[in-house]
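Right, one structure below, let's go through it.
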Amino acid sequence: MGHADTGVAVTGVGVVTPAGADEHTFWAGLCAGRSVARRCDELAGLPVDFACPVDGLDLDTAVGGRSVWRMARFVKLALIAARQAVADAGLSPDDWDGTRVGVVLGVGVGGVSLLVDNLRKLDEEGPETVSPLLVPMMIPNAAAGELAIALRAHGPSLAPATACASGATAIAVGRDLLTSGRCDAVVAGGAEAALTPLVVSAFAKLGALSTRTCDPAGASRPFAADRDGFVLGEGAAVVVLERTADALARGGRPRALLAGAGFSTDGHHPTAPAPDGHGAQWAVEAALHQAGWAPGEVGHINAHGTSTPLNDAMETALISRLFPHRPSVTAPKGVLGHTLAAAGAIEAVATVLTLEQGIVPPIANLDALPDGFELDCVTKAPRHQPVERAVSHSFGFGGHNVALAFARV
């Protein structure tokens, strides 16, 4: 299959998740393998009253400065994660040529809570009470724009919206910006903060959410025989991508190689995946091709693993067909819930950490696979496994599929 492309490296990571608001707390929470879902006061009285919020972090204090008042929650999450990633990479806006730095920040729904609040004001108190900042705070590209301001990044800034694949799409696009020569560094990831009664009610009406209200911490159970839907989460994750040679030349520390990325679209249904998984498989095969890998060289899969009946069955079919050698499989949504646009970026960071640490985190709440699911799922405890090559899957409503191929440095 040829030699792997060592052209692009992950040189920094940043995360703000329901399991922890920094890399080390997040990783410890993921490896503990326990769901962080809990009942939420703001969802009281709804048919689904639990979720995976980001707790224990005062976002305004963490963001700091005078501009925090103009930022929606998803923007604050993105900014905190981005600052972590840039610092982790050993970079600073004071030192780089901002015209060569890109920002790609995937978002699913944007500032929906602000929209709801202002609609209520409009209905109850009239048009004079609508915020003059509603538009710039609400629009999905607000995070990409605010990151570019904060980081003095003047290269391309993009806000891909591919639903639950948005964070992974952003990282894949970031890789392309580097290999095409348009940028010398790209800050890429995803952010989402949509834990509002409206959004939770809408997902519940769609039949996508687990209704295990008597046991919120047991509700997210990827690949389990008795899974019944996902648990909504929120968060952000950002990686810094550079050409490997550039990173080494400046004394940077590549944490993993982003050897390949693949995109595809099912063209099948607005919310259901194509059941045979062939649409998703095209994305995985494209990532492997770009990396120059045979499927048998992949040692680990970070699965999309939403805990919905349809997704997990499709993904099982895909993995079984393409990877019959049974690489280890994990699914972070068991612990974190489904953070929508942030999920692909959070899981990319988890994959980088698995490569670095030689540890695969377990899937929460998975006691038994259904009959016919022939997967090597890691359960109960972290597995020590030296992984050289791993693939992270992300699939979104609309049929968007993204696969990221990461290699150990």
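List of remarks:
- Note on region 283-312 and region 122-180: Cα centroid distance 28 Å, given to the nearest whole angstrom.
- Most fluctuating residue given options Ser307, Ser220, Ser67, as computed from a GNM of the chain linking Cα atoms under 10 Å: Ser67
- Calculated [222 nm] ellipticity per residue, helices only, for the chain: -10000 deg cm²/dmol; basis is -39500 (n - 2.57) per DSSP H run with n ≥ 4, divided by all residues, nearest 500.
- Scoring 278-284, 10-16, 124-130, 365-371 by mean Cβ neighbours within 10 Å over their residues and listing the highest first yields 10-16, 278-284, 365-371, 124-130.
- Charge context of Thr306, other residues only, Cβ under 10 angstrom, K/R +1, D/E -1: 0
- Taking Pro332, Pro222, Pro295 as the candidate residues, the one with maximal mean-square fluctuation in a Gaussian network model of the chain, Cα springs under 10 Å, is Pro295.
- Of all DSSP beta bridges in region 11-407, antiparallel share, percent nearest 5: 60 percent
- Top of Ile363, Ile346, Ile139 by mean-square fluctuation, Gaussian network on the chain, Cα under 10 Å: Ile139
- For Asn365, net neighbour charge (Lys/Arg +1, Asp/Glu -1) across residues whose Cβ lies under 13 Å away: +1
- For region 29-100: relative contact order, % (alpha-carbon pairs under 8 angstrom, 6 or more apart): 17 percent
- Simple Cβ-charge dipole of region 11-407, Lys/Arg +1 and Asp/Glu -1, about Cα centre, in debye nearest 20: 420 debye
- Given charges at Cβ of Lys, Arg, Asp, Glu: region 202-331 dipole, positive-most of Gly277, Ala225, Ala291: Ala291
- Computed over region 11-407, relative contact order equals 24 percent, with contacts defined as Cα pairs under 8 Å that lie 6+ residues apart.
- Put a dot 7 Å past the Cα of Arg250, heading toward its Cβ, do the same for Ala28, and the two dots end up 3.1 nm apart.
- Projecting the Cα positions of Thr351, Gly90, Val48 onto the charge dipole of the chain (unit charges on Cβ atoms of Lys, Arg, Asp and Glu, taken about the Cα centre) puts Gly90 furthest along the positive direction.
- Three semi-axes describe the equivalent ellipsoid of region 11-407; taken as square roots of 5 times the Cα gyration tensor eigenvalues and ordered largest first, they are 29, 27, 18 Å.
- Projected label distance in nm at His384 and Ser180, using a 7 Å step from Cα toward the beta-carbon: 4.5 nm
- Extension gain for Val130 to Val409 (0.36 nm times residue separation, less C-alpha to C-alpha distance): 95.3 nm.
- Distance from the C-alpha centroid of region 22-81 to that of region 343-409: 22 Å, rounded to the whole angstrom.
- Per-residue Cβ neighbour rank within 10 angstrom, fewest leading, Lys121, Lys76: Lys121, Lys76
- Annotation: the residues Trp96, Trp293, Trp69, sorted from fewest to most other C-beta atoms within 10 Å of their own C-beta, follow the order Trp69, Trp96, Trp293.
- Summed residue charge, Cβ within 10 Å of Thr339's Cβ, Lys/Arg positive, Asp/Glu negative: -2
- Selection from Cys164, Gly252, Ala364, by position along the positive dipole direction of the chain (Cβ): Gly252
The numbers here are math on the coordinates, done by the rules we state, and not lab data. Worth saying up front: this structure is predicted, and the values here are computed from it rather than measured. Positions of Cβ are backbone-derived with ideal geometry, glycine not excepted, and every protein chain shown enters the neighbour counts.
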